[in-house]
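Peer 1: I'd like to ask some things about the structure below.
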Amino acid sequence: MPIAPDLLDDLIARALSEDLGDGDATSLATVPEGLRATATITQKAPGVIAGLDVATAVFLAVDGDLELTPLTAEGEWRERGPVLRAVGSARSLLAGERTALNFLGRLSGVATTTRRYVDAVAGTGAVVLDTRKTTPGLRLLEKRAVVTGGGANHRVGLYDQILIKENHAAMAGGVGEAVRAAYAHRPDLPIESECRDLDEVRAALAAAEAVGVPAGRYRILLDNMTNDELREAVALVAGRVPLEASGNVDLATIGAIAATGVDFISAGALTHSAPVLDLSLILEPLS
């Protein structure tokens, strides 16, 4: 999930501004001007690192003369260890510390949670997807962290895919009517329709086939169905369109959901409930 450099720069600038304000009062008072130091960020809990480039960009936004060296690769599960080294002005390192750790810990937490979900469906063929339940302003970074953790991205926002949910269907006069209207309005976009029972699955599938939605551009989302209902839906659709399961998905349930034969499983918990990965930064003065 790419993020434009200007958007990342703006995000980092705003994050630094809310932390630094008109200056780091503590460091300005206690750290001698011109003192150089080495800062080492260390991973203190098992997980997957994501966002090294963002943390690096934070430090460079504070001070372009800092020297940054990654000490690990992103996307690999590791127990603990050094993550990133920065060398330069001690005041600059302290000014960027919290913002860099906030980004790195948050994104690594998303990647780590995603990896746990992906591991839970290993061998089933099901793909783990994220949702739009992201931190405002951080969506592109969090979705990229999902991919780093081994998951896949659902739509980015309301603009790049049509997802017909129950409220849309109710306003359109039913799932079938909503599918027909969606394809007539934007035949260029992928279409997905949320279905709460097998009757809605039948209506959605019939409508998509009637208007000729191309293969690979239509998906049915099975919302809050039991595992027995998911298996019935898989048998009913018989591979004609991909099926996505959503609702009541967590680490305790996702394995059984995947075993029903659905193609995708979306989980808001990848982003809205991911705990921050525990990281620390230790500063050592250079003589």
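The values are calculated or read from the model by the stated rules, or taken from the named source; none is laboratory data. Not measured: the values here are computed from a predicted model. Ideal geometry is used to build each Cβ from the backbone, glycine not excepted, and the neighbour counts take in all protein chains shown.
Peer 1: Scanning for something within 30 Å of R116 (Cβ to Cβ), surrounded by fewer than 15 Cβ atoms within 10 Å (Cβ to Cβ) and out of contact with any Lys or Arg (no Cβ under 9 Å at 6 or more places or on another chain), does the range 206-213 turn up at least one residue?
Peer 2: No - not one qualifying residue is present in the range 206-213.
Peer 1: If you scan the range 218-256, which residues turn out to be in contact with an Asp or Glu (Cβ under 9 Å, 6 or more places away or on another chain) and of a type in the set (D, E, K, R)?
Peer 2: Within the range 218-256, R219, D223, E229, R240, E244 meet the criteria.
Peer 1: Okay, moving on. For the range 163-171, does any single residue satisfy the condition of being touching a residue at least 60 places away in the same chain (Cβ under 8 Å) and among the small types (G, A, S)?
Peer 2: No, the range 163-171 has no match at all.
Peer 1: I've got another one for you. Given the residues K143, K165, which is the only one that is among the charged types (D, E, K, R), surrounded by fewer than 16 Cβ atoms within 10 Å (Cβ to Cβ), within 22 Å of I254 (Cβ to Cβ) and not assigned by TED's automatic domain parsing to the domain that holds E74?
Peer 2: K165
Peer 1: Can you report the number of residues in the range 219-275 which are more than 19 Å from G123 (Cα to Cα), outside any loop (DSSP other than H, G, I, E, B) and not charged (D, E, K, R)?
Peer 2: Residues meeting the conditions: 12.
Peer 1: Follow-up. Can you name every residue in the range 146-162 that is more than 9 Å from the chain's Cα centre (by Cα), hydrophobic (A, V, I, L, M, F, W, C) and either surrounded by 21 or more Cβ atoms within 10 Å (Cβ to Cβ) or closer than 17 Å to S108 by Cα (or both)?
Peer 2: I162, the sole residue that qualifies.
Peer 1: Go through the range 1-40 residue by residue and tally those that are charged (D, E, K, R) and out of contact with any helix residue (DSSP H, G or I) (no Cβ under 8 Å at 6 or more places or on another chain).
Peer 2: Count: 5.
Yes or no, residue by residue, for (1) among the charged types (D, E, K, R); (2) in contact with a Phe, Trp or Tyr (Cβ under 6 Å, 6 or more places away or on another chain); (3) at pLDDT below 95:
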| residue | (1), (2), (3) |
| --- | --- |
| A215 | no, no, yes |
| Y218 | no, no, no |
| L222 | no, no, no |
| A233 | no, no, no |
| L236 | no, no, no |
| D250 | yes, no, no |
| V262 | no, no, no |
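Peer 1: Quick one: what pairs do we get from the range 256-281, first residue over 20 Å from T131 (Cβ atoms), second among the hydroxyl-bearing types (S, T, Y), C-beta under 8 Å, 6+ apart or different chains?
Peer 2: Matching pairs, first to second residue: A259/T124; L277/S108; L277/T112; L279/T42; L279/S108; S280/T42; L281/T40; L281/T42.
Peer 1: Looking for something part of a strand (DSSP E or B), within 26 Å of the chain's Cα centre (by Cα) and touching a residue at least 24 places away in the same chain (Cβ under 8 Å) - is there at least one such residue anywhere in the range 84-101?
Peer 2: Yes, the range 84-101 has at least one match.
Peer 1: Next up: Condition (residue is hydrophobic (A, V, I, L, M, F, W, C), assigned to a strand (DSSP E or B), closer than 17 Å to P242 by Cα and in contact with a Ser or Thr (Cβ under 6 Å, 6 or more places away or on another chain)) applied to the range 163-174: is it met by at least one residue?
Peer 2: yes
Peer 1: When you scan the range 103-119, do you find a residue that is surrounded by fewer than 18 Cβ atoms within 10 Å (Cβ to Cβ) and either assigned by TED's automatic domain parsing to the domain that holds V179 or in a helix (DSSP H, G or I) (or both), even just one?
Peer 2: Yes, the range 103-119 contains at least one residue that is surrounded by fewer than 18 Cβ atoms within 10 Å (Cβ to Cβ) and either assigned by TED's automatic domain parsing to the domain that holds V179 or in a helix (DSSP H, G or I) (or both).
Residue-wise test of (1) out of contact with any Lys or Arg (no Cβ under 8 Å at 6 or more places or on another chain); (2) in a loop (DSSP other than H, G, I, E, B).
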site: A50; (1), (2): no, yes
site: A61; (1), (2): yes, no
site: T134; (1), (2): no, yes
site: V156; (1), (2): no, yes
site: D160; (1), (2): yes, yes
